[in-house]
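Participant: Structure incoming, see below.
Just so it is clear, none of the values below were taken in a lab; they were calculated from the coordinates. None of these values were measured; they are calculated from a predicted model. All Cβ positions, even for glycine, are placed from backbone atoms using ideal geometry, and neighbour counts span all protein chains on display.
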Amino acid sequence: MNTIALNAGNLDRQRRVITKATVNAADLLNIKGADLANILGLSASSVSRMRQGEYQLDPARKEWQIAVLFVRLFRSLDSIVAGREKDAIAWLNSENTALRARPMDMLKDVAGLVHVLDYLDAVRGRI
């Protein structure tokens, strides 16, 4: 097998993994399709196709970078709440005095997503 075929196979695997991780994180956080679409900058129909396995995120597009950040956010939050989904969902949807907003509301633009991720990383550093 030549190098080009190996790289293409690796890229396809990466696309599947990030897409599935994004969908799984959204599902575990009880994030609806329209909200995930807003977070990723995709149409609701693209997110619906993602959930059905008919659309994969593209590493050449901004959606990929945002999805990677979103998965990082999920992993940080999951670590803080020790895998308790209800606590993660409650945290995401409750007013946060340190952030001065509901974290879920902040995820709809890249700056807000990064800010929430930075906050979670800082909190994780103290644990």
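Participant: Which members of region 73-106 meet the condition of being without any contact (Cβ under 8 Å) to a residue 40 or more places away in the chain, of a type in the set (Val, Ile, Thr) and surrounded by 14 or more Cβ atoms within 10 Å (Cβ to Cβ)?
Facilitator: Within region 73-106, VAL81 is the sole residue that qualifies.
Participant: When the residues of region 32-72 are filtered to those that are touching a residue at least 40 places away in the same chain (Cβ under 8 Å) and of a type in the set (A, V, I, L, M), which remaining residue is surrounded by the fewest Cβ atoms within 10 Å (Cβ to Cβ)?
Facilitator: VAL68
Participant: Here's something else I'd like to know. Hey, can you tell me all the residues within region 24-49 that are in contact with a Gly (Cβ under 9 Å, 6 or more places away or on another chain) and within 25 Å of SER79 (Cβ to Cβ)?
Facilitator: Answer for region 24-49, where residues must be in contact with a Gly (Cβ under 9 Å, 6 or more places away or on another chain) and within 25 Å of SER79 (Cβ to Cβ): just ALA26.
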